[in-house]
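Asker: Structure below; questions to follow.
Read-outs: derived from the displayed coordinates by stated rules, not from any lab. Remember, predicted model here, so these are calculated numbers, not experimental data. Using ideal geometry, Cβ is built from the backbone for each residue, glycine included, and neighbour counts are taken over all protein chains shown.
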Amino acid sequence: ERAVIGVTGLGVMGRNLARNFARHGYPVAVHNRTEAKTKALIEQFGAEGEFLPAETPEAFVASLARPRKIVIMVKAGASTDAVIEEFAPLLEPGDILVDGGNAHFADTRRREKALRERGVHFVGTGISGGEQGALEGPSIMPGGSREAYEHLGPILEDIAAKVDGVPCCAYVGPDGAGHFVKMVHNGIEYADMQLIAEAYDTLRQGAGMSPAQIAEVFRVWNTGRLESYLIEITTVVLSHRDAATGKPFVDVVLDQAEQKGTGRWTVQTALDLGVPVSGIAEAVFARSLSGHAGMREEARVLPGPSGDGLESSFADDVEQALYASKVVAYAQGFNEIQAGSAEYGWDIDLGAMATIWRGGCIIRARFLDRIRAAYEADPGVPTLLADASFADELSRAQRAWRDVTVAAARRGVPAPGFSSSLAYYDALRAERLPAALIQGLRDYFGAHTYRRVDRDGVYHTWWELPGQPETRVDV
Ligand code: NBP
């Protein structure tokens with residue numbers, strides 16, 4: 001019973017997570033369904049720390065100190081249920097099962113409830129940062145009971161990424177909260193990448209710049225407020241040349257983006273919760289559109305605009321459009337976390353979520369400090385757009401944001417992220433929305449009723465009667 005923690009599922013992520021624990025001095029029990037992976041881990045990396053390999057779940061469980069802490073790192077879905085079924089009977093009340101896979105938060109809620117009834121803590125945990133993050137310090141978003149976090153938290157905080165000495169790991173909230181936050185993190189990641197892609201496309205097609213020139217633009221942007229991992233690697237990818245053809249790498253890659261589903265979950269969940277996450281939704285739809293090869297092939301005959309190129313000083317405007325749209329996407333994502341937290345009673349600290357995303361994960365960025373500060377200044381701020389410092393930046397960006405959106409449309413460059421984020425900004429700040437007309441139409445064809453700006457109550461207009469009288473229907 002030497003192992004402080006155990007990892008079962010030694011794929012790409014599990015293996016590196018186990019090594020991360022070992023490198024931090026924790027004796028770590030390791031187990032994998034196919035034993036060869038366990039052996040390979042010991043052979044290759046056994047010298048990095050104290051590993052306790054186990055052939056069977058029984059031996060694995062027996063090697064763990066109590067309360068046992070077991071991290072499951074297997075393919076999300078049925079595999080996770082299979083592994084839980086295998087291990088749960090071997091555990092005792094107070095033991096802690098951690099699911100570090102990309103589970104849907106609803107599955108995590110179900111699993112947590114079932115295990116709680118057996119006295120076992122189930123900690124659905126978002127882990128971001130990919131293979132390298134798992135090894136060198138990921139961003140960790142653990143849900144589950146506070147009691148479980150008391151045992152587990154210090155170890156996870158130890159192996160997490162650090163920014164200014166602060167670990168990128170904090171207790172998120174009960175049951176599915178950790179996986180929910182990870183889901184929204186991935187949705188925001190989709191939006192971030194879509195906006196970067198639009199900035200690139202606008203500069204390439206609109207301003208006629210080469211990938212190498214655009215790489216340089218991104219390099220400069222990465223020294224300013226956009227500084228982030230994704231902007232940094234955009235420079236690397238755009239600078240890269242294909243060895244076989246000598247062409248820019250971006251020109252030899254098939255332009256059909258794939259997805260594993262967490263972006264889609266973010267949007268589906270937002271639809272259920274009634275939270276407008278248009279920037280994230282556009283990013284998911286843009287990926288799915290890119291994959292419709294047949295439809296795109298047939299539509300290629302449609303004419304586009306004719307016109308001159310844009311000036312390269314335009315790049316400064318694109319930076320503003322990218323930044324402003326990014327603020328909108330994050331504001332929408334944080335609203336979704338806020339809504340999920342309210343719906344499920346999680347009491348999530350939004351500022352803390354921005355804090356744990358500052359390092360380790362794919363969306364790590366300087367910008368997240370600003371979000372943390374905004375929630376520290378006013379934890380109840382209904383939208384980040386209303387935070388004084390973001391509002392100020394958006395108002396200064398808006399001229400360029402509008403110009404780039406217009407220019408993209410004029411040039412025939414699709415920029416759904418820029419334009420939908422701008423529409424969201426304009427809709428939120430609007431004095432009056434045409435939703436009033438929609439209410440009128442609904443009342444006309446379906447007697448769906450409406451409320452008035454000048455009086456309380458619910459009303460219906462008798463559209464078919466002479467004089468079209470109105471009555472109050474809620475009394
Ligand atoms: P891999 O595909 O590398 O490994 C899958 C692991 O699941 C293997 O250890 C495999 O065992 C095990 N497994 C499967 Br599949 N079915 C099983 C079952 N029925 N019983 C027991 N073990 C089973 O996955 P990965 O990329 O390490 O991802 C693991 C989890 O981490 C996923 O949920 C993923 O979404 C999540 N995640 C991945 C990343 C990333 O960047 N890759 C980032 C963040 C989160 P075997 O060796 O016997 O086949």
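Asker: Which residue, chosen from ALA78, GLY340, ALA257, occupies the Cα position most advanced towards the positive end of the dipole of the chain, where the dipole is computed from +1 (Lys, Arg) and -1 (Asp, Glu) charges on Cβ about the Cα centre?
Answerer: Going by the charge dipole, the pick is ALA257.
Asker: Provide the gained length on full extension for the span ARG432 to ASP369, in nm with one decimal, where the gain is 0.36 nm per separating residue minus the Cα-Cα distance.
Answerer: Gain on stretching ARG432 to ASP369: 19.4 nm.
Asker: Which listed residue (PRO138, ALA148, ALA103) has the Cα farthest towards the positive end of the charge dipole for the stretch 85-187, taking +1 on Lys and Arg C-beta and -1 on Asp and Glu C-beta about the Cα centre?
Answerer: Projecting each Cα onto the dipole axis, the largest value belongs to ALA103.
Asker: Share of antiparallel DSSP beta bridges in the chain, in percent to the nearest 5?
Answerer: So the antiparallel bridges amount to about 40 percent of the total.
Asker: Sticking with this one: To the nearest 10 degrees, how steeply does helix 435-446 sit against the main Cα axis of the chain, on a 0 to 90 scale?
Answerer: 90
Asker: How much mean residue ellipticity at 222 nm does the chain get from its helices, if each DSSP H run of length 4 or more adds -39500 (n - 2.57) and you divide by all residues, to the nearest 500 deg cm²/dmol?
Answerer: Here the helix-only value at 222 nm equals -17000 deg cm²/dmol.
Asker: What does the charge dipole of the chain about its Cα centre add up to, to the nearest 20 debye, if the Cβ of each Lys and Arg holds +1 and the Cβ of each Asp and Glu holds -1?
Answerer: Value, rounded to 20: 320 debye.
Asker: Measure nothing fancy, just the Cα-based angle from helix 416-429's long axis to the longest principal axis of the chain, in degrees from 0 to 90, nearest 10.
Answerer: Orientation of helix 416-429: about 70 degrees from the principal axis.
Asker: Determine ³J(HN,Hα), in whole Hz, for all residues of the stretch 246-256 in sequence, where each value follows from phi through the Karplus function 6.51 cos²θ - 1.76 cosθ + 1.60 and θ = phi - 60°; x replaces Gly and Pro.
Answerer: Result, ordered by residue: x, 7, x, 3, 4, 8, 9, 8, 4, 8, 10 Hz.
Asker: If I take every Cα pair under 8 Å that is 6 or more residues apart in the chain, average their sequence separation and divide by the length, what percent do I get for the relative contact order?
Answerer: 12
Asker: Using θ = phi - 60° and the Karplus relation 6.51 cos²θ - 1.76 cosθ + 1.60, list the HN-Hα couplings for the stretch 128-143 in order, rounded to whole Hz, with x at every Gly or Pro.
Answerer: After applying 6.51 cos²θ - 1.76 cosθ + 1.60, I find 10, x, x, 4, 5, x, 4, 7, 9, x, x, 8, 10, 10, x, x Hz.
Asker: Give the Debye-formula value of log10 I(q)/I(0) at each listed q (0.09, 0.11, 0.14 Å⁻¹), with one equal scatterer per alpha carbon of the chain, two decimals each.
Answerer: Here log10 of I(q) over I(0) equals -0.70, -0.97, -1.30.
Asker: Would you please give the FRET efficiency between GLU35 and SER210, computed as 1/(1 + (r/R0)^6) with r the Cβ-Cβ distance and R0 = 56 Å, to the nearest 0.05?
Answerer: 0.65
Asker: Shifting gears a bit: Between 0 and 90 degrees, rounded to the nearest ten: what's the tilt of helix 388-411 against the longest Cα principal axis of the chain?
Answerer: So the inclination is approximately 70 degrees.
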